[in-house]
Amino acid sequence: MSMLETRIGDLALKNPVIAAPAEHMITDGGVRAAIEAGAGAVVVKSTNESQAAKAQLRAAEYVALDTLWQPVAWGADADPATMILSRSGLHPLGFEEWLAQCVQQDRIARNHDCLLVPSLILADPDHAVDMALAVQSAGLRVLEFNIGTPYGREAAKGAVSTETAADRVGALTRAMTERLDIPVWVKLTGQSSDVPDLAVSAADAGAQASIVAGRLLGMLPDLDTMEPMLGTSGGFGGFWNLPLTCHWLALCRAALGPGKALIGINGITGGHDVARALLAGASATGLASAVMLRGFDVISESVAVLDDYCRSKGVSVADLVGRAADARKTFADMPELTNHWQNFVPPQSE
Ligand SMILES: Cc1cc2nc3c(=O)[nH]c(=O)nc-3n(C[C@H](O)[C@H](O)[C@H](O)COP(=O)(O)O)c2cc1C
């Protein structure tokens, strides 16, 4: 077994770097580039039956921001700390064409020992199950079921869902797993006070992995126009999300136990972040914004940096999973330190 190999339930990935879905995963060219860059898995841009969700892509807008909230150029030269505010929609093709494209892309993926992951976003639950059955019949090997988009409250009614109640997560997951034989990965919202509760419900209902967790919503007032940037609230993400993701991963691992797979997503910008998410309990990690912003080299570089890190530490990816999470203590476990706090205040406050 290779040092980078990892397992997500029944499936093995050659490495834990997953090209996560966003607009660069709409076209054949983008999906092929992610596969050829060496991703362990590639998740294609999501679809559902809602015309409003497709219309939302036609009205989508994006802005890359530096740490002073100034718009910066999109592209390979962007700093890894660049953040993205966006308002996205779903795959422009109809379901049948989307599925046919996934089948073609799966052939390419198989030739590269890569897992092609079709992704459905919940609108109507019955439609979602019918589409999932069609995905399975087409020979695809896994399904990502995203029930935690950031936009549930902002989008047109019924276009997408942000499921925040554990019983709903359980029921929606069960509706899939009791009809499908292929593994189901459930993408959960981060807009919850209790992501581990959602992950436990998904696992109890038969999900082989929880993807932890979807982006948050943000609104950034523009000082010139005095209006919201992009005109609306939007999905907001960036490097700063990494510790929040790692925290959720650690809590999910504690709630689920080490036997259940987690996929870390949100704020992972490169190979060292991948290692951090693995240490927090993920068995694999998704990168979306970093690749959409800076290009597909981010994937090959992430795999290379992770490989270097594992070699330098003399460990495999499997050895990393959950190590920091399992070493995590409570505040009450920590020793008292004499006047330590005084080193962290301005001189007048000492
Ligand atoms: C512009 C944009 C479009 C996205 N489209 C999808 C999508 O179609 N399906 C999906 O499951 N997630 C989608 N996402 C969410 C990403 O896959 C990912 O969960 C999120 O951006 C956090 O990871 P990141 O910090 O690596 O970007 C999208 C994200 C962005 C920024």
By the DSSP-based rule, helices of the chain that are at least 20 Å long along the axis (C-alpha) and have a mean Kyte score of at least 0.5 are 241-256
7 Å from Cα along Cα→Cβ at both His272 and Glu350: what's the point-to-point distance in nm?
3.1 nm
Once you put a point 7 Å from the Cα of Asp307 and another 7 Å from the Cα of Glu227, both along the Cβ direction, what distance in nm separates them?
4.9 nm
What is the Cα centroid distance between the stretch 162-183 and the stretch 320-341, reported in whole angstrom?
35 Å
Which of the peptides 56-66, 292-302, 112-122 is most tightly packed, and how do the rest follow, going by the mean number of other Cβ atoms within 10 Å of each residue?
112-122, 292-302, 56-66
Alpha carbon centre of the stretch 42-101 versus the stretch 4-30: separation in Å?
17 Å
Using only the Cα atoms of the chain, build the gyration tensor, take square roots of its eigenvalues as a ≥ b ≥ c, and label the shape rounded, prolate or oblate: rounded if a/c is under 1.5, else prolate if a/b is larger than b/c, else oblate.
rounded
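Which net charge results for the neighbourhood of Arg328, defined as the other residues with beta-carbon distances under 15 angstrom from its beta-carbon, given Lys and Arg at +1 and Asp and Glu at -1? It would help to have the intermediate numbers written out before the result.
On the way: positive: Arg253, Arg276, Arg323, Lys329; negative: Asp326, Asp333.
Once positives and negatives cancel, what remains is +2.
Any read-out appearing in this document is the output of simple, stated calculations on the displayed coordinates, not a laboratory observation. Small disclaimer: the values here were computed from a predicted structure and weren't measured. For neighbour counting, all protein chains shown are included, and Cβ atoms are generated from backbone atoms with ideal geometry for every residue, glycine included.
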